[in-house]
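Here is the structure we will look at, set down as structure tokens.
The values are calculated or read from the model by the stated rules, or taken from the named source; none is laboratory data. Everything numeric in this text was worked out from a predicted model, so none of it was measured. Virtual Cβ from ideal backbone geometry, glycine too; neighbours counted across all protein chains shown.
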Amino acid sequence: MARTRAYRHGELIDEDFPVDRVSDYVADPSCLVWVDLCAPDHAELDRLGDELQLHSLALEDAGKEGQRPKLDRYETHLFVTAYEAQLDAGSGRLTTHEVDAFVTRQALVTVRSTEGFDMDAVVRRWDESADLAKFGVAFLVHGLLDHVVDSHFLAVQILDDEIEDLEDLLFDEHPRDVEVQRRSFTLRKNLVLLRRAVVPMREVVNSLLRRDLDIVAPDLVPFYQDVYDHVLRATEWTESLRDLVSTILETNVTIQGNRLNGIMKKVTSWAAIIAVPTAITGYYGQNIPYPGYGQASGFWGSSTVIGVMSVGLYITLRRRGWL
């Protein structure tokens, strides 16, 4: 079921009215209309397109999922695609929800494929800044984009916290290499998905600020510039986190190599110590006479040599840090 709103002179005058009445409100130059469709079929889109004279290509894009974030310009309206990001801190899974928007002089039409996109949060933003409704459709577009960009910021912040936890895990006294690799892969996958939603938003917001579009009123320009600043910061933050995850993976490989070198030093050292008694007993085990042959002094002499040489070799390797 479609959600609708109508404003006149910046005041909310009607809500949840039938879509068929949209053209009646649009006919009044002092009115502003919002229509939200969730999972509409082609018939609903076509009917709305006839009401607002929407381009067939834009309607086709709205009916298909997987569009990249963009702003298309048509003769009578703009078509905007954006993605809200939601990150589950428990499972670490990032999901994005697409929203398509038709922007005319007096109307904003949002199209969602699922209920995942939090449109209630957008409505709350509009209600919290109702004094800006007098500036027309740019007021509605600002609330929508501001919510989308804030969702990007929140997702990046959660990912940043997870990377800090991963850094602590990386230098844990008890190595957990498998967990580090698994979490690093998940983080990198989430950052790649988030980057696809964040980076193109620079062009979307920047295009809306162009004077030739004549969409954003001068009084709303600072609000859009604030959104644009947040987009840039989210983009830079996302890129830096991608580099940081790559650095963590490289550091983990280096740490594994260092640990392996330490293990090899210990194994080699103990092998050298064990080689001393092996060599001496092997020598004394030859079937030839040797000093102390057949006497108790031979046993004690060989045992003393083994003990002295083994202890001496252990002390030497210990001082060198191999043991």
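Points to keep in mind about this one:
- Among the residues of the stretch 207-220, those identified as loosely packed, with under 15 Cβ neighbours inside 10 Å and part of a helix (DSSP H, G or I) are R211, D212, L213, P218, D219.
- Counting only residues that are over 36 Å from the mean Cα position of the chain (by Cα) and not in a helix (DSSP H, G or I), the stretch 16-36 holds 7 of them.
- Complete set of residues in the stretch 37-54 that are under 32 Å from the mean Cα position of the chain (by Cα) and over 14 Å from A107 (Cβ atoms): C38, A39, P40, D41
- Restricting attention to the stretch 101-156, the residues that are within 14 Å of V205 (Cα to Cα), of a type in the set (A, V, I, L, M) and under 23 Å from the mean Cα position of the chain (by Cα) total 4.
- On inspection, I280 fails the criterion of being at pLDDT 75 or above, surrounded by 15 or more Cβ atoms within 10 Å (Cβ to Cβ) and assigned to a helix (DSSP H, G or I).
- In the stretch 302-323, of all residues being at pLDDT below 75 and either of a type outside the set (A, V, I, L, M, F, W, C) or touching a His at 6+ places or on another chain (Cβ under 6 Å) (or both), the one that is farthest from R259 (Cα to Cα) corresponds to S302.
- Filtered residues of the stretch 55-100 (kept if acidic (D, E) and within 28 Å of the chain's Cα centre (by Cα)): D61, E65, D72, E84, D88, E98, D100
- Test for L193: is it closer than 20 Å to A133 by Cα, touching a residue at least 60 places away in the same chain (Cβ under 8 Å) and among the aliphatic types (A, V, I, L, M): no
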